[in-house]
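The values are calculated or read from the model by the stated rules, or taken from the named source; none is laboratory data. Bear in mind that the values here come from a model prediction, so they are computed numbers and not experimental data. No Cβ is skipped: glycine too gets one built from the backbone with ideal geometry, and neighbour counts run over all protein chains shown. Heads up: the accessible areas ignore ligands, DNA and RNA and are worked out on the full protein's heavy atoms, side chains in. Shrake-Rupley method; radii C 1.70, N 1.55, O 1.52, S 1.80 Å.
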Amino acid sequence: MKSERAMDVSGWSRPVALAFGQAVAILLAAGLAGVLTYRWHPRSPAFFMAGEEPGPAEVTAHQAREWEAREILWVDARAEADFRAAHVPGAIRLSPDNWDADLLEVFHRLQQAGRIVIYEEGPGGKGARDVAERLRRIGISQAYVLRGDWREFEPAIRAE
């Protein structure tokens, strides 16, 4: 009697153990793929944690549209090739990757600007936040990160 029962249990345990092992392997592979994608994807989102210092001020596309167009200086924090392909009209390029050279070219305009709206690929990415923080450190306080996609200004986008 015991041997029949042991066979039933062992007969079920091998397929269950195999299925469990496969499920764990799939979950680990998916988790690893997610972590690697977040780490190296050019448009990876910023993760915010409770207790973290608040970042630079943000502005929505709707709010930016309500501001006077003449008082906004648009700053594109993307790569030069992306900027050349298309950008918000009147935008200047100021990339964290080429900070010193770009800043020298546009510093005068930054000082004269009423409000500065910084955007990059995707909504409020790391590059735009980095540029806003650097501007604040050099005394330019009216720097806002666009919350949302800069392509919301689609009718106004053009390559110059």
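Put 74, 67 in order of accessible area, highest first, and with a 1.4 Å probe you get 67, 74. Note on residue 60: accessible area is roughly 40 Å² with a 1.4 Å probe, heavy atoms of protein only. Here's the picture: a label point sits 7 Å out from the Cα of residue 84 along the beta-carbon direction, and within the range 102-119 the residues with their amide nitrogen under 19 Å of it are 102-103, 105-106.
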